[in-house]
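Student: Can you read through this structure? Questions will come right after.
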Amino acid sequence: MPPGNARMVLKGIGVAPGIAIGKAYRVDRNKVSLVYYYLPSPAQTKREKDRFDAAVDRAEADLKEIRAKMAGEFPEHVHIIDTHIHILRDKMLYDETIRIIEEQQINAEWALRQSLENAQHIFAKIDDEYIRSRFSDVDFVAERVLENLTGQNKQSVAGIRERVIVVAQDLSPADTIQLQVEKTLAIATDMGGKTSHTAIITRSLDIPAVVGLENVYQAVRSGELMVVDGHAGKVIIDPDEELLNYYYERQYQLERYRKEVVRCAELPAETEDGYNIKIQANIELLEEVVAVIDNGAEGVGLYRTEYLYLNLDQPPTEETLFWDYREVAEIIYPEMVTIRTLDLGADKLNTRMRGSTETNPALGLRSIRLCLQEDITFRTQLRAILRVSGITKNIKIMFPMISGVGELRAAKAVLEEVKQSLIKESIEVDENLQVGIMIEVPSAVAVADLLAREVDFFSIGTNDLVQYALAIDRVNENVAHLYEPLHPAILRMIKQAADAGRQAGISVSLCGELAGEPLYIPILLGFELDSLSMNPLAVPRVKKIIRNASIEESKDYLNEVLHFTTAGQINEYLCNLAWRRFREDFELFADEMGNLPAASGNGQ
Ligand code: PEP
Ligand code: MG
């Protein structure tokens, strides 16, 4: 127990390691809240219409200002703002709100909300899916006017000006990629889980984060001093001097350890008895390739390409994608880059999808299913990937969420068609391009032997595999304690997929968050995988542990834990093993070992 006191200590899930000390900055990401009132006199009705007009005028002026800024930096997106300006005075929203104020004699806020609901009903009946989904634009515009009417400005995380700890009820992946890294000391949220995409991004941006705190947003005041301990999954509000000094000291020790492991990051991941495993990095954005190189990763094992689509209304163009992939491939060359095709959906929603009303999005139209339906978007991406493959020759392509052979063949057929059309246009494509799949749906594990015959590699995605196999929503903090990557079912599934891949002679990688968890490394080695791919910042410590390990011992450890019956038992075994066999790499994290697997930290 650390010494000293604090006004409050909250326990959550440490999702990105590191310790931050600084002032809280509360970000309200909820919808504007409204009050209803009836207007007893015609004079008040008139005043309400004037208020509405003024709010629309102000929204228009704001949008025009944004448009002017965008025209310089992102001319290709200006049309989105034009559409929003147009919607402001569209009959469905503007005339309808005025009509409701007059007829029902109610305040402008309620009238606007009502006209928005009417619009939603109209859109819901439209057959064309694309047009139907445009409702999100109307919703966005109406929210802007509502903010002006109520004076409640929803803050944008992009607008933060000082170095602060961002505190919110929830942050979407789209919010998180807008965070300005140099302004954000840490993140603390009420909601979320360890493998939510928001968590994954905070790890790759190297921002300490604790999620699932339940009421940190209510508990803290903006400007209050707080500590975020991403290792222990704790938030300390208003600590006294003794406690503060403890955290300053701990921050220093962790930083010193991190520098020490990074110094050896270039050394290969070879066990004491000569087994080599490739350690690669997962990235979400082009900007992260620097971290891949700096942390000694041997290529990119997973490029989550959907992040380029998140804050856009329209999918990026083929040229935008081409230059993005080309830059990544050229920087990483001669190592390989595994580009995963679009995995949108579930918690990764683009602007257009945010209006969607699927009741169970993790099981809905996401990922490869969405790509096979939105043929043009898929083909555009495949063209860009294939064009780069012909130039740099260090690309692999990977399909996400494949559930069986039929779906794989459908995706491969589209890939082949796109390839042939490029060849017809005399555009070079890498003839040796390897095509693989994520193994992240339980049905894919069950038929892994059949899938292995038709691909060049597997990459096991444990984040989704745990979610689907254990029926635990990976972003839901209420069931986060049940999200058990060490569940015997998961270890057996990894083994089944790895064995099927090996028997078919294809390479097998593991790219879920599990791969970057130092505590799990001794048994992961036992699966005899070809590579592990993880958040770039986790690479140096994982490599160091592997250099201290032995493949023969690891096979024995794995055999032993495969006979255990619960995740708790396996976790305890691993904690003891770490303490007994790898003490120098775990000593600094001893306090948190009791919280494992949620918070072993990645050693930054
Ligand atoms: C996974 O599911 O394990 C994975 C690596 O992909 P993502 O986290 O992007 O769903
Ligand atoms: Mg996945």
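Student: Which aspartates and glutamates, if any, have their Cα less than 14 Å from the Cα of residue 64, not counting same-chain residues under 8 positions apart?
Tutor: List returned: 82.
Student: Quick check: pseudo-label points 7 Å beyond the Cα along Cα→Cβ at residue 221 and residue 495, how many nm apart are they?
Tutor: Using points 7 Å along Cα→Cβ, the separation is 5.7 nm.
Student: What does the accessible area of residue 11 come to, in Å² to the nearest 10, when a probe of 1.4 Å is used?
Tutor: 110
Student: Considering only DSSP beta bridges with both partners in the chain, what is the antiparallel share in %, to the nearest 5?
Tutor: Close to 35 percent.
Student: For segment 109-128, list residues with backbone N below 15 Å from a point placed 7 Å from the Cα of residue 91 toward its Cβ?
Tutor: Correct set: 119, 122-123.
Student: Now, a different point. Report, in deg cm²/dmol and to the nearest 500, the calculated mean residue ellipticity at 222 nm for the chain, where each DSSP H run with n ≥ 4 adds -39500 (n - 2.57) and the sum is divided by the residue count. Write out the running numbers ahead of the final one.
Tutor: On the way: 25 runs with 281 residues, N = 604.
Result for the chain, helices only: -14000 deg cm²/dmol.
Student: What's the ranking of 551-557, 364-370 by average number of surrounding C-beta atoms within 10 Å, highest first? Walk me through the numbers on the way to the answer.
Tutor: Values: 551-557: 17.3, 364-370: 19.6.
Packing order, densest peptide first, comes out as 364-370, 551-557.
Student: Let me have the relative contact order for the chain, percent, based on Cα pairs under 8 Å that are six or more residues apart.
Tutor: Answer for the chain is 16 percent.
Student: Still on this structure, please answer the following. Considering the convex hull of the alpha carbon atoms of the chain, report its projected area averaged over all viewing directions, in nm², one decimal.
Tutor: 28.4
Student: Assigning unit charges at the beta carbon (Lys, Arg +1; Asp, Glu -1) and nothing else, what dipole magnitude in debye, to the nearest 20, does the chain show about its Cα centre?
Tutor: 460
Student: Label residue 37 and residue 181 with points 7 Å out from Cα along Cα→Cβ: what is the distance between them in nm?
Tutor: Computed distance between label sites residue 37 and residue 181 equals 4.8 nm.
Student: Size of the dipole of segment 42-150 about the Cα centre, Lys and Arg at +1 and Asp and Glu at -1 on the beta carbon, nothing else charged, in debye to 20?
Tutor: Using Cβ point charges on Lys, Arg, Asp and Glu, segment 42-150 gives about 280 debye.
Student: Say the dipole of the chain comes from +1 at the beta carbon of Lys and Arg and -1 at that of Asp and Glu; which of 131, 197, 15 then lies farthest toward its positive end?
Tutor: 131
Student: What does the accessible area per residue of the chain come to in Å², with a 1.4 Å probe and no ligands, DNA or RNA counted? Working shown, then result.
Tutor: Working: 24970 Å² over 604 residues.
With the other protein chains kept in place, the chain gives 41 Å² per residue.
Student: Under 11 Å from a label point 7 Å along Cα→Cβ of residue 405: give me every residue in segment 446-469 with its amide N that close.
Tutor: 447-454
Student: Here's a follow-up. On full extension of the chain, what length is gained from residue 11 through residue 358, given 0.36 nm per residue of separation minus the C-alpha to C-alpha distance?
Tutor: Separation in residues times 0.36 nm, less the Cα-Cα distance, equals 121.7 nm.
Student: Sorting check: for 489-497, 218-226, 298-306, 438-446, which peptide has the highest mean count of neighbouring beta carbons within 10 Å, and how do the rest follow? Walk me through the intermediate numbers first.
Tutor: Details: 489-497: 19.8, 218-226: 16.6, 298-306: 24.9, 438-446: 22.9.
Final packing ranking: 298-306, 438-446, 489-497, 218-226.
Student: Quick query: amide H of residue 533 versus all other amide H atoms, modeled in the peptide plane; which residues come in under 5 Å with a sequence gap of 5 or more or a different chain?
Tutor: 280, 510, 511
Student: Right, something else. Taking amide H positions as placed in the peptide plane 1.01 Å from N, state which residues far from residue 233 in sequence (5 or more) or on other chains have amide H under 5 Å from it.
Tutor: Under 5 Å from the amide H of residue 233: 14.
Student: Can you give me the solvent accessible area of residue 330 with a 1.4 Å probe, rounded to the nearest 10 Å²?
Tutor: 90
Student: Sorted by mean Cβ packing within 10 Å, highest first, what order do the peptides 58-67, 468-477 take?
Tutor: Descending mean neighbour count gives 468-477, 58-67.
Student: Counting only Cα, what are the radius of gyration and maximum Cα-Cα distance Dmax of segment 297-407, in Å?
Tutor: Rg, Dmax (Cα atoms, Å): 14.3, 44.
Student: Over the Cα atoms of segment 268-563, each weighted equally, I'd like the Debye log10 I(q)/I(0) at q = 0.08, 0.11, 0.16 Å⁻¹, rounded to two decimals.
Tutor: Each listed q corresponds, in turn, to -0.33, -0.63, -1.39.
Student: How large a share of the accessible area of the chain, in percent, is made up of carbon and sulfur atoms when the probe is 1.4 Å and the other protein chains stay in place? Don't skip to the end; give the middle numbers.
Tutor: Working: 12830 of 24970 Å².
Exposed carbon and sulfur together represent 51 percent of the surface.
Student: What fraction of the Cα pairs in segment 42-150, stated in percent, has a spacing above 20 angstrom?
Tutor: 42
Student: Binned at 5 Å from 0, what are the whole-percent values of the Cα-Cα distance distribution for segment 469-541, short to long?
Tutor: Once binned at 5 Å, the Cα pair distances of segment 469-541 give 3, 15, 22, 23, 19, 13, 4, 1, 0.
Student: Given the whole protein assembly as supplied and a 1.4 Å probe, what does the accessible area of residue 563 come to in Å², nearest 10?
Tutor: For residue 563, the solvent-accessible surface is approximately 150 Å².
Student: Also, quick follow-up: From the cross-link list 259/543; 393/543; 259/348; 234/544, which pairs have alpha carbons spaced over 23 Å apart?
Tutor: 393/543; 259/348; 234/544
Student: If you don't mind, there's one more thing I want to ask. With Cβ to Cβ distances under 14 Å as the rule, what net charge do the other residues near residue 475 carry (K, R +1; D, E -1)?
Tutor: -4
Student: What percent does the relative contact order of segment 436-566 come to when contacts are Cα pairs within less than 8 Å and at least six residues apart?
Tutor: Relative CO of segment 436-566 lands at 24 percent.
Student: Choose one of 457, 496, 93: the residue whose Cα lies farthest towards the positive end of the charge dipole of the chain (beta-carbon charges +1 Lys, Arg; -1 Asp, Glu; about the Cα centre).
Tutor: 93
The values are calculated or read from the model by the stated rules, or taken from the named source; none is laboratory data. No experiment lies behind these values; they were computed from the predicted model shown. Quick reminder, even Gly has a Cβ in these numbers, built from the backbone with ideal geometry, and neighbours come from all protein chains shown. Side chains included, ligands, DNA and RNA excluded: accessible areas come from the protein's heavy atoms. Shrake-Rupley method; radii C 1.70, N 1.55, O 1.52, S 1.80 Å.
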